[in-house]
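Here is the structure we will look at, set down as structure tokens.
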Amino acid sequence: MQYEAKIPGLLQGKDRMLIGGEWSKSLSGRSLPTYDPAREEKLWEVPLALEEDVDRAAAAAQNAFRSWRKLDPFERAQKVTALANALRQHAEDFAILDAIDSGNPVTAMKGDVLMAAAIMEYFAGLAGELRGEVVPGKPGMLHTVFREPYGVVARIIPFNHPIFFAACKIAAPLVAGNTLILKPAEQTPLSALEMGKYAQEIFPPGVLNIITGDGPATGTALVKHPKIKRISLTGGVETGRNVLRLAAEQSIKYITLELGGKNPMIVFPDVEISKAVESAVVGMNFHWCQGQSCGSTSRLFLHRKIHDEFLERLIQRAAGIKIGLPLDPAAEMGCLVSKDQYEKTMGYIELGKKEGAMLVAGGSRPKSEIFAKGYFVEPTIFDRVEMSMRIAREEIFGPVLSVLTWEDYEEVIDRANSVDYGLTASIWTRDLGLAYRTAEQLEAGYIWINGSSRHFLGVPFGGYKQSGIGREESVEELLSYVQSKAVNTAL
Ligand code: NAD
């Protein structure tokens, strides 16, 4: 295949992490395997950062903070833009690493790189928004507010879009004047380390540190580290709760969380069915990441009047998705990231059958010989799902879509809101008034009307309820990396 020749070169040096501008192994010498999920083979070993490594990274970041914060915000923005350019230039390399490390299709991963670069440029362009304020007061008094960075920030990211999160999540904190420790997920550390090669040339030592490791050892050490005052996690709800608890045991920290979802798509009977079917498939993120996306609209509420026709077309459309080996440029859907994720997904499929839902598409490994190995699962659709079933309530984080039927408007809203999550939602109808009234009632942070899945630069993304704290991808994200300092002057 066209990409395979590049792999040995790309893996070189990935046994080290970036701390204080230098590549180093963990002090303990311990490492962590990372796997190719399409081959079920070990791919590489990256360092397992323990407390002493986190301590080195925090010291380097704190040291670098002294001068980084003093740079003009536009100078910091230029460096973030330079990294975005490097990502674009080497998009194929990042995409190859993500494909072999995560199982996501290589073409989609190229798209992730370009999207991340655009987000980085967006935040670089917002540098001017770090301005302060003058607040009116009595004559003779001057009330000024400055916005200042926190210092050392930790960003902990998940496995589903490795380079996308690694790249776009560092932009806001760095532009705001913080220094950073980035920890990629243990399943997918390679592309973040690759990014470190370019970051090392662009940023002063210690401004961006990239350490590898797992949650229990490395993540915990980061969260508890006294020098780290600001933490941002993208991950599961349980991890979010752990991060809040562990941080609180150590001290008071500012934490934002982007967590999971079990998101509804509500389809009214007046829609153009072909468009809504396409949106249901795209919204489920079968393509791109095999349903492993927080924003996936994995609960599809179809109005009884259109249910049968919609479902028939949906099954047809899902069967047309091209599953392939992650490095196949034509693949639209690859494999799940790990054995755990595969077993979890297959477990939910079995559970769905036991709970009495009707399996109408997929449900197993694709038939072809090339998928005999690897964590491949067909696009799977259950019909006749009820909200009492666990497949309707719990985040599967795999390619499993639950279809529910509705007739009564108030009831469908209640059912949509009846889970603990509240990340995204999609509403399909030609009646915009009805759509807006529905949006008002849905407990979700990011809603599409006649759409799904897409994110838009500058539009705040984040969750209600258990789906998180804080908003990203917008000016709110940038401002969450500065604290205000009020200075009141008697003139
Ligand atoms: P995860 O919570 O298992 O891991 C996420 C990261 O947290 C990893 O880097 C992991 O090492 C780290 N971690 C784990 N335990 C930790 C601890 N105790 N302290 C500090 N760090 C710790 O999540 P995952 O399985 O990698 O990703 C899937 C989850 O992420 C899903 O629930 C998904 O919905 C969510 N997610 C949310 C968003 C969003 O924007 N809301 C985006 C992508 C993924």
Next item on the list: Give the carbon-plus-sulfur fraction of the accessible surface of the stretch 69-119 in %, rounded to a whole number; probe 1.4 Å, heavy atoms of protein chains only.
Entry: 55 percent
Item checked: Exposure rule at most 13 other beta-carbon atoms within 10 Å, DSSP loop GluC sites (Glu not before Pro): the chain longest free segment -> 1-271
Item checked: Carbon and sulfur %, accessible surface of the stretch 264-457 computed with the full protein complex present, 1.4 Å -> 50 percent
Next item on the list: Do me a favour and compute the ellipsoid semi-axes for the chain from its Cα gyration tensor, root of five times each eigenvalue, largest one first, whole Å.
Entry: 38, 29, 19
Notebook entry, point to check: Got a number for the accessible area of Asp308? Probe 1.4 Å, square angstrom, nearest 10.
Noted result: 110 Å²
Note to self: Applying a 10 Å radius around every beta-carbon, put 12-20, 316-324 in order of their mean neighbour count, most first.
What the structure shows: 12-20, 316-324
Notebook entry, point to check: Using 0.36 nm per residue, how much length does the chain from Val135 to Glu22 gain when fully extended, once their Cα-Cα distance is taken away?
Noted result: 36.2 nm
Next item on the list: For n ≥ 4 DSSP H runs only, could you compute -39500 (n - 2.57) per run for the chain, divide by its residues and tell me the 222 nm figure to the nearest 500?
Entry: -12000 deg cm²/dmol
Notebook entry, point to check: Sorting Leu257, Leu71 by accessible area (1.4 Å probe), largest first, what list results?
Noted result: Leu71, Leu257
Check: How do His225, His287 rank by accessible surface area computed with a 1.4 Å probe, from largest to smallest?
Finding: His287, His225
Notebook entry, point to check: If you roll a 1.4 Å probe over the heavy atoms of the protein chains, what accessible area per residue do you get for the chain, in Å²?
Noted result: 39 Å²
Item checked: the chain - share of DSSP beta bridges that are antiparallel (%, nearest 5) -> 45 percent
Next item on the list: Count neighbours as other Cβ atoms within 10 Å of each site's Cβ, and list the chymotrypsin sites (Phe, Trp or Tyr not before Pro) in the stretch 452-491 that are DSSP loop with at most 12 such neighbours.
Entry: Phe456
Notebook entry, point to check: So what's the Cα pair-distance distribution over the stretch 14-78, bin width 10 Å, in %?
Noted result: 19, 34, 25, 17, 4
Check: So what is the diffusion coefficient of the stretch 298-370 in µm² per second by Stokes-Einstein at 37 °C and 0.692 mPa s, using a Kirkwood Rh over Cα pairs?
Finding: 227 µm²/s
Notebook entry, point to check: What number, in nm² with one decimal, is the all-direction average of the projected area of the convex hull of the alpha-carbon atoms of the stretch 264-457?
Noted result: 10.8 nm²
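The values are calculated or read from the model by the stated rules, or taken from the named source; none is laboratory data. Keep in mind that what you see is a predicted model, and the values were worked out from it rather than measured. Using ideal geometry, Cβ is built from the backbone for each residue, glycine included, and neighbour counts are taken over all protein chains shown. What goes into the accessible areas is simple: the full protein's heavy atoms, side chains included, and nothing from ligands, DNA or RNA. Shrake-Rupley method; radii C 1.70, N 1.55, O 1.52, S 1.80 Å.
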